[in-house]
1. Does G68 meet the test of being over 17 Å from the mean Cα position of the chain (by Cα), surrounded by fewer than 19 Cβ atoms within 10 Å (Cβ to Cβ) and over 30 Å from C33 (Cα atoms)?
2. Could you tell me whether any residue of the range 48-64 is of a type outside the set (S, T, Y) and at positive phi?
3. Test of understanding: among Q93, Q128, which residue is among the polar types (S, T, N, Q), over 22 Å from L44 (Cα atoms) and at pLDDT below 95?
4. Looking at the range 73-123, which of the residues that are among the aliphatic types (A, V, I, L, M) and exposed (fewer than 14 other Cβ atoms within 10 Å of the Cβ) is farthest from L60 (Cα to Cα)?
5. Yes or no: the range 99-119 includes at least one residue that is in contact with a strand residue (DSSP E or B) (Cβ under 9 Å, 6 or more places away or on another chain), polar (S, T, N, Q), on the phi < 0 side of the Ramachandran plot and without any contact (Cβ under 8 Å) to a residue 24 or more places away in the chain.
6. With the requirement that a residue be farther than 30 Å from L76 by Cα and exposed (fewer than 15 other Cβ atoms within 10 Å of the Cβ), what does the range 131-151 give you?
7. Would you point out which residue out of W126, W169 is among the hydrophobic types (A, V, I, L, M, F, W, C), touching a strand residue (DSSP E or B) at 6+ places or on another chain (Cβ under 8 Å) and within 30 Å of D58 (Cβ to Cβ)?
8. Are any residues in the range 53-70 in contact (Cβ under 8 Å) with a residue 40 or more places away in the chain and over 20 Å from L86 (Cα atoms), and if so, which ones?
Amino acid sequence: MLRAILFDLFETLITESATRPAGVSSLAPVLGCDREAFHREWTLLRPSVVLGRLAFRDALRDIAARLGRQADDATLQQVCDVRIHLKAEPFRQLESEIIAMLDHLRGRGLRVGVISNCFAEDVVAWPQSALASRVDAAVFSFDIGLAKPDPEIYLRATARLNVEASDAWYIGDGGDDELSGAEQAGMRALKATWFLKRWPHSQDAEGALATVDEVVRLIDD
C-alpha cells in the first residue's frame, strides 16, 4: 500500500533552469588555477564534499594548494557566499504547481520526503522555504554521510517517515543514477522531466512524468 512519496530536490521540486549557475570548475580563475587541472582535482574531492567529509571551502583551499596556489580566507568566504546565494534563488522562485502537488499528497494522507545529494551551502535556504513545512523528512547527503544511489540513503529516509520502502515511491530527474538506487532499496522509481524540459538538449524519456499533474493523477487513480 502506498504510504509515502519521496522526491529529489534540484530539478524535481526546485529548478536552476532560470539561473543556470556555472559549475565549480569555473572558480579556477578566481583561485588563480588552471581550469583543466582544477577540474581534475575537483572531480577527486567532490564526493567527499557531497558526503560531508570535507567542507566545500576546505576542498577549494586544498585544490589551490595542490596546484601551487594559496587561497586566502576572504576569497574563499566570498566564493561560499556566492554559492549560497545562487543555490537559494530557486527556493525563492517555487512554482505554484509544486506547492499544490505537495499539499494534495499530504491531503491524501501520504507522507512526503526529500533526498538530495548536496553540499551544506546548497540548502541554507531550505529551513525558511515553503517546501520545508510541507515535507515530513528531508535527508541531505552531506548531513548523514550517504549519497544516492546508495540504497541505504533511501532506507534512512523511509525510516524517518516510518514506512517500509515497498510502501513508498521515489520521484526524481534521474541524476546520480538515483532511480536505480531507489529501485534497489525496494521502492518504485519514477522519472520526472517537467523541469528537465527547460534545459537545452533535453530528451524525452519514455514512461516519464512530464508534468506535475501526472503525479496527482497517478495518486488519485
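1. Here the answer is no, as G68 does not meet what is asked.
2. Let us first name the residues in the range 48-64 that are of a type outside the set (S, T, Y), namely 49-64.
From the residues that got through so far, the ones that are at positive phi too are 52.
Among the residues of the range 48-64, at least one is of a type outside the set (S, T, Y) and at positive phi, which makes the answer yes.
3. Q93
4. Ranking the candidates gives A100 first.
5. No, the conditions are met nowhere in the range 99-119.
6. Scanning the range 131-151 gives a single hit, S133.
7. Working: W169 fails: within 30 Å of D58 (Cβ to Cβ).
None of the other options fit; the residue is W126.
8. The first filter runs over the range 53-70 and keeps only residues in contact (Cβ under 8 Å) with a residue 40 or more places away in the chain, leaving 53, 55-56.
Result: R53, single match.
The values are calculated or read from the model by the stated rules, or taken from the named source; none is laboratory data. Remember, predicted model here, so these are calculated numbers, not experimental data. Methodologically, a virtual Cβ is constructed for each residue, glycine included, from the backbone with ideal geometry; neighbour enumeration extends over all protein chains shown.
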